[in-house]
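Remarks on the structure that follows.
Each value in this text was obtained by applying a stated rule to the coordinates, not by laboratory testing. Predicted model only: the values in this text are computed from it and were never measured. Please note: Cβ atoms are built from the backbone with ideal geometry, for glycine as well, and neighbour counts cover all protein chains shown.
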Amino acid sequence: MHELSIAVSILEMAEEEAGRQGAARVTAVHLKLGPLSGVVREALLSAYDLARESAPPALTGSELRIEATPLRANCPTCRRVVAIVSVQHQCCADCGTPTPDVVSGNELEVFALEFL
Amino acid sequence: MTATPRLVEVRQHVLKQNDVTARALRERFREAGTFVVSLVSSPGTGKTAFLEKVLSALRDRYLVAALVGDLATDNDAVRLARSQVPVKQIITGTVCHLEAKMVESALTDWSLPKLDYLFIENVGNLVCPSSYDLGEDLRLVLISVTEGEDKPLKYPVIFNTADAAIITKIDLAAAVEFDAATAWTSIQSVRPGMTVLEVSTKTGEGLVKFLDFLEAAKVDHLRERAR
């Protein structure tokens, strides 16, 4: 259950950025979350709700919006970036070749903030 | 009048701080010529017993030390100290995994020679450690024959972040009807091409092979670093 410390880190990043931007309030935090990040969406949302209660006033009204990113990898057979079947079956969704060469799916990244 | 929120792009990795610390550690290990190996597994897989054997086998030829993470006790450090190499405990309290800054602070004030190998035993947990880079060169994920052959499918992320899989307690394989082929298929399914080694800490089976693998990984890595 490391989602709570991740939620705290997200709030700290948002607070820092709000300070830099001279914004009074953060209304939303947009996060990209990949299936290989090791973070569970639902657990992170609950943790965020909890962590937000003890966050500075600028963040208490903020909402965490999560965008799930797909698992993609280089396929040695198709010779291009392809969708992967799943984290359990790491092979090309088109031709079935197993591939460990992941290009996206590790994301745990704040990509935008909304300020008021 | 209602103000419209303003959207600002930031693009920041949430664990940026950990990654920065991990990169600094990796650089420090590189300069010292130390090969750093971390071990992750469920509680009870036999990380400590395995590591104790490995440390004992290496200590005559190399300068070796170990860091060991635990939520509450120093029992594992006491066990590892029997191998007569320097061992330091990191008590994480309520934190279910090691983070790069815990490794960094454990190394501060620890007077060590220039090590050949540093081992880092993570807290027993197959979920949380996967997100945290510790600056290691090689991450080993351990599963025991008593845990079920589908464990890799249940915890795919940790297998994905690891470099090699070690199957422990292989001496119990027959007693628990361990199906090695299914385990191997599960591992390859979540991490195609992953090296899988079988060991028994009790009988010593597979240890020589593991040590050969470790040595080869170290040589490869040092050659890679030199480039």
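What the table shows:
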item: 15 Å beta-carbon shell around B:VAL8, net charge (K/R +1, D/E -1); result: -1
item: Length-normalised contact order of segment B:153-227 in % [C-alpha pairs under 8 Å, at least 6 apart]; result: 33 percent
item: Test item: B:12-22 mean partner chain Cβ contacts at 10 Å; result: 5
item: Dipole of the protein assembly as shown, positive direction: furthest Cα of B:ALA216, A:ILE66, B:PRO152, with charges on the beta-carbon; result: B:ALA216
item: Cβ crowding within 10 Å averaged over residues, with B:94-104, A:78-88 ranked highest first; result: B:94-104, A:78-88
item: Where only alpha carbons of the protein assembly as shown are counted, the Rg and the Dmax (Å); result: 21.6, 77
item: Helical contribution to [θ] at 222 nm, DSSP H n ≥ 4, -39,500 (n - 2.57), averaged over the protein assembly as shown, rounded to 500; result: -10500 deg cm²/dmol
item: Shielding of B:152-161 by partner chains, average beta-carbon count, 10 Å; result: 4
item: Ranked by how many other beta carbons lie within 10 Å on average, peptides B:16-24, B:66-74, B:4-12 from highest; result: B:66-74, B:16-24, B:4-12
item: Förster radius 41 Å - calculated FRET efficiency between B:ASP150 and B:ALA226, Cβ distance, rounded to 0.05; result: 0.50
item: Around B:LEU80: net Lys/Arg minus Asp/Glu count, Cβ-Cβ under 13 Å; result: +1
item: Potential extension, B:GLU205-B:ILE91 segment - 0.36 nm per residue separation minus Cα distance; result: 37.9 nm
item: Relative contact order (%) - chain B, alpha-carbon pairs under 8 angstrom, separation at least six; result: 22 percent
item: Relative contact order of segment B:1-86, defined on C-alpha pairs under 8 angstrom at six or more residues apart (%); result: 23 percent
item: Theoretical gain in end-to-end length, A:PHE111 to A:CYS78 [0.36 nm per residue, Cα-Cα removed]; result: 8.8 nm
item: Protection-proxy order for peptides B:176-188, B:201-213, each taking the mean of Cβ atoms within 10 Å per residue, highest first; result: B:176-188, B:201-213
item: Residue mean of other protein chain beta carbons inside 10 Å, A:105-114; result: 5
